[in-house]
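Take a look at the structure set out below.
Derivation of every value follows stated rules applied to the coordinates shown; laboratory data play no part. Computed from a predicted model, the values in this text were never measured in an experiment. All Cβ positions, even for glycine, are placed from backbone atoms using ideal geometry, and neighbour counts span all protein chains on display.
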Amino acid sequence: MNHNLFAALRAGFPEDLSECAVQTADGAALFYTWRDLELATAKIANLLESLDLPVGSRVAVQTEKSVEAMMLYLAVLRAGLVYLPLNTAYQSTEVEYFIANAEPAVVVCSGRNFGWFSKLAFTAGTAHVFTLNEDRTGSLLQRAAHHSDQHTPAVKSADDMAAILYTSGTTGRSKGAMLSHGNLLSNARTLQSHWGWQRGDVLIHALPIFHVHGLFVAIHGALLNGSKMIWFSQFNAVAVAARLPEATVFMGVPTLYVRLLAEPGLSAEACRRMRLFVAGSAPLLAETFKAWRERTGHTILERYGMSETVMLTSNPYSAADGERRAGTVGLPLPGVVLRVMNERGSTCAVDDIGGIEVRGPNVFSGYWKMPEKTAEEFSTDATGQRWFKTGDVGKVDAFGVVTIVGRSKDLIITGGYNVYPAEIEGYLNDMPGVAESAVIGTPHADFGEAVIAVVVACAGASPDASAMVASLKARIANFKVPKRIFVVSELPRNAMGKVQKNLLRDEHKALFAAA
């Protein structure tokens, strides 16, 4: 039996391939039929196969969001290779690490980045570099046009790797989570059933496609169900609100809901056909949850997942299964087992707070080329069951409902993107005149959390905050760059000498209160 994820998604296409699969919603409106997806992915898959790549070769991709970029992802699956998406905000220093670590056989980048991107790739030993632009140009499509539009999906087992998603590390070293065809397909099928996907559903796709939410949860859901997507290359609150009457499903990070609430065009009438609003990737404020229900008549469904596991829990879809409660992420999905453990290694009692561990068919196998880190992040119980330690802190109530109360290792989630302070602190500490630094997240009405830094100057030095920000913007993704940098004489410490970031958070918690 072929467990190739593409084959399963292809089986979800409607019988009439001339129907619209994707309609672009910004710029010149374009219609892509299901046949277009079938033939274009075949051409790209045949191009990749013509390169005679070793089994398990990685294809690293950093391009702007486009339907063709989605086709590339599907073609990589179809050819049996491993897809490696890279955030479009990553700068050359970050990309250099990913390419050196993943050793991709193929790299695809935006044409405007070809100069520096290809240099990094060729230096690392990558043999093939293609370009793909949001206006349907680039060498990838030019080369693929000469290949056949007929292709049989590569035969893969459920355990074969389908994708590597890099997730930031607390030491500043990113980890590549290895996800299999089985991991991704099991989760897609579970969500199709659990969220009541039905014939005639239309998804507004306004998320990036370089992480779990937009790439796996949204795209897999629509394709597996044979549902049309209204495709936004970038989120635009005015334009999205205008298209809501045509749709039934919308998925977004909390920031998108905050911005939609600011639009006069958002109303119960505009949402009359909507069946489901899903929020995730960051905590949804209770005020946003309440305001959305009052404004639209719909209750947002919050869920919980991560790069290593795709989706883990979900608030109920059907009212018969219970209410959607603000501040909670619902029950474990079918097939997922979740437990909360205390520092002694015992299961927490009801409503006690501890570290969240999970297992299930959706849980990844480990981190790319990091066996020691993989061993650290898994535990084995007395029955031999393997549990992934998520690093999140939470509790489970008497009804099994999960609440995330914090994150270990000081993870900051800003606008749905993960930022690990240690990575930013490493860059700051290397700057002239900086003795040490502490990076924290502070409440922000739009982004959920904003990144700020507190820096201690070396004796006799006077580092300039604006110059430090400018330096960081040239080296790392913009969402990681602190919105404010404060220069102080010392950082607060406890008796053991550890920096007390909680005191810094309290000091700066009102910094963006008026944002």
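Taking amide H atoms as placed 1.01 Å from N in the peptide plane, list the residues 5 or more away in sequence, or in a different chain, whose amide H sits under 5 Å from that of D26.
S233
Please list 3J(HN,Hα) in residue order for the range 305-313, calculated via the Karplus relation 6.51 cos²θ - 1.76 cosθ + 1.60 where θ = phi - 60°; whole Hz, with x for glycine and proline.
x, 7, 4, 6, 9, 6, 8, 10, 9
When the Debye formula is applied to the Cα atoms of the range 1-54, each taken as the same point scatterer, what base-10 log of I(q)/I(0) results at q = 0.17, 0.22, 0.27 Å⁻¹?
Evaluating at q = 0.17, 0.22, 0.27 Å⁻¹ gives log10 I(q)/I(0) of -0.69, -0.94, -1.08.
Among Y317, Y367, which comes first, then next, by fewest other beta-carbon atoms within 10 Å?
By the 10 Å Cβ count, ascending: Y317, Y367.
If I model a spin label at S92 and A124 as a point 7 Å from the Cα along the Cα→Cβ vector, what separation in nanometres do I get?
1.5 nm
What distance in nm separates the simple spin-label points at S267 and R344, each placed 7 Å from Cα in the Cβ direction?
Once both label points are built, they end up 5.9 nm from each other.
How much length would be gained if the chain were fully extended between R505 and D321, taking 0.36 nm per residue of separation minus their Cα-Cα distance, in nm to one decimal? If you can, show how the numbers build up before the last one.
Values: separation 184, 0.36 × 184 = 66.24 nm, distance 3.80 nm.
Between R505 and D321, full extension yields an extra 62.4 nm.
Quick one: divide the alpha-carbon radius of gyration of the range 193-323 by 2.2 N^0.38 Å and tell me what you get. Show your work: numbers first, answer last.
Values: Rg = 13.6 Å, N = 131, 2.2 N^0.38 = 14.0 Å.
The range 193-323 yields a ratio of 0.97.
For the range 327-481, what does the alpha-carbon gyration tensor say about shape, rounded, prolate or oblate, given a ≥ b ≥ c as the root eigenvalues, a/c under 1.5 as rounded, and a/b over b/c as prolate? Let's see the in-between values first.
Numbers: a/c = 2.53, a/b = 2.01, b/c = 1.26.
Because a/c hits 1.5 or more and a/b exceeds b/c, the range 327-481 counts as prolate.
Amide H to amide H, which residues 5 or more places from C348 or on other chains are under 5 Å from it, using H placed in the peptide plane?
HN-HN under 5 Å from C348: V340, M341, N342.
Taking only the alpha-carbon atoms of the range 289-392, what semi-axes of the equivalent ellipsoid follow from 5 times the gyration tensor eigenvalues under a square root, in whole Å, largest first?
Each semi-axis is √(5λ); the values are 30, 16, 12 Å.
Let me check against my output: what whole-number percent is the relative contact order of the chain, with C-alpha pairs under 8 Å and at least 6 apart?
Relative contact order comes out at 12 percent.
Amide H neighbours of A477 under 5 Å, counting only residues 5+ apart in sequence or on other chains, H built in-plane at 1.01 Å?
Under 5 Å from the amide H of A477: Q91.
What are the equivalent ellipsoid semi-axes of the chain, built from the alpha-carbon gyration tensor (square roots of five times its eigenvalues), in whole angstrom, biggest first?
Semi-axes from the Cα gyration tensor: 35, 29, 24 Å.
R0 = 41 Å: FRET efficiency of V337 with L39, Cβ-based, nearest 0.05? Intermediate values should be presented prior to the final figure.
Details: r = 41 Å, r/R0 = 1.01.
With R0 = 41 Å, the Cβ-Cβ based efficiency is 0.50.
Determine Rg/Rh for the range 412-508; Rg is computed over alpha-carbon atoms and Rh is the Kirkwood hydrodynamic estimate from the same atoms.
0.95
Taking other Cβ within 10 Å of each residue's Cβ, how do F289, F117 sort, fewest first?
Ranked by crowding around the Cβ, least crowded first: F289, F117.
Based only on other Cβ atoms within 10 Å, what is the fewest-to-most ordering of V258, V202?
V202, V258
Find how much the distance from V238 to A100 grows on full extension, using 0.36 nm per residue of separation minus their present alpha carbon separation; answer in nm with one decimal. Spell out each step's value before the answer.
Values: separation 138, 0.36 × 138 = 49.68 nm, distance 4.08 nm.
Roughly 45.6 nm would be gained on extension.
How many percent of DSSP beta bridges within the range 412-508 run antiparallel, rounded to 5? Kindly include the intermediate steps, with their values, before the conclusion.
On the way: 14 of 19 bridges.
Just about 75 percent of them are antiparallel.
Can you check what the net charge comes to around G125, using other residues whose Cβ is under 14 Å from the Cβ of G125 (Lys, Arg +1; Asp, Glu -1)?
Details: positive: R58, K119; negative: E96, E103.
Charge balance in the 14 Å sphere: 0.
Of all DSSP beta bridges located in the chain, what percent are antiparallel, nearest 5?
Bridges in the chain that DSSP calls antiparallel: roughly 60 percent.
Subtract the Cα-Cα distance of E436 and F486 from 0.36 nm times their separation in residues, and report this length gain in nm to one decimal.
16.8 nm
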